[in-house]
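Worksheet: one structure, shown below.
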Amino acid sequence: MNSKTKAGWIGIAVAIVGTFEGLRTVAYRDPVGIPTICFGETKGVKMGDRATLAECEAMLADSLQIANRQVSQCTDVPLNDNQRAALVSFTYNVGGAAYCTSTLVRKLNAGQYGAVCGELAKWKYAKGIPLPGLARRRAAECDLFMGRVT
């Protein structure tokens, strides 16, 4: 992947993740009670934690790079910038292990690009509870993956 392509997918991923996660510089509990900060960061977060905008942006950039590596490691088919950004957003949200073992990635690796949206739509639950915000995010990731938005 050349640097122009890298800048393309990461810019798109920052936009979609930022839209759905929002920015909170003081730790809060997400809809299922997990301490969260910045753009949806949960690792090592404790209630009472604070972060600056610069710290949040750095955390997001690092986390998106990690998610991109996980997508790259588990995806055997070519992806354009929109497809990569959609899958990085999804992986950022659900985790690399969940992405890599999902039916979504199995179908995608079999060349079934058209199956991705149906698989994304299944991931609208947090602790077994369907969340409207996750359903909206998955629909946006689907639209991005399919090239319906840029």
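Computed over the alpha-carbon pairs of segment 78-140, the distance histogram in 10 Å steps reads 21, 60, 18, 1 percent, short to long. Put in order of Cβ neighbour count within 10 Å, fewest first, the listed residues 129, 37, 66 become 129, 66, 37. Converting phi to 3J(HN,Hα) with the Karplus coefficients 6.51, -1.76 and 1.60 and the offset θ = phi - 60°, segment 55-69 yields 5, 5, 5, 5, 4, 4, 4, 4, 5, 5, 5, 4, 4, 5, 4 Hz in sequence order, with x at every glycine or proline.
What is the distance, in nm, between label points placed 7 Å from the Cα along the Cα-to-Cβ direction at residue 103 and at residue 66? If labels sit at residue 103 and residue 66, their model points lie 2.8 nm apart. Straight-line cross-link partners of residue 43 among the aspartates and glutamates, defined as a Cα under 19 Å from its Cα and at least 8 positions apart when in the same chain: 21, 30, 55, 57, 62.
What the phi angles of segment 113-128 give under the Karplus curve with 6.51, -1.76 and 1.60, with θ = phi - 60°, is a coupling list of 4, x, 7, 4, 4, x, 6, 4, 4, 6, 9, 10, 10, 10, 6, x Hz, glycine and proline written as x. From helices alone, the chain scores -18000 deg cm²/dmol at 222 nm; the rule is -39500 (n - 2.57) for each run of n ≥ 4 DSSP H residues, then divide by the residue total.
Computed over the chain, the percent of Cα pairs more than 23 Å apart is 33.
This model, with +1 at the C-beta of Lys and Arg and -1 at the C-beta of Asp and Glu, gives the chain a dipole about its Cα centre of some 320 debye.
Remind me, relative contact order of the chain in percent, using alpha carbon pairs under 8 angstrom and six or more residues apart? Present the calculation step by step, with values, prior to reporting the outcome.
Numbers: 182 pairs, mean separation 30.4, N = 150.
20 percent.
Looking at the P(r) of segment 1-74, how many percent of alpha-carbon pairs lie beyond 16 Å? Tail of the P(r) past 16 Å holds 51 percent of the pairs.
Every read-out reported here was derived from the displayed coordinates using simple, explicitly stated rules and does not represent laboratory data. Everything quoted here is computed from the prediction, not taken from an experiment. FYI the Cβ positions are ideal-geometry reconstructions off the backbone, even for glycines, and counts take in every protein chain you see.
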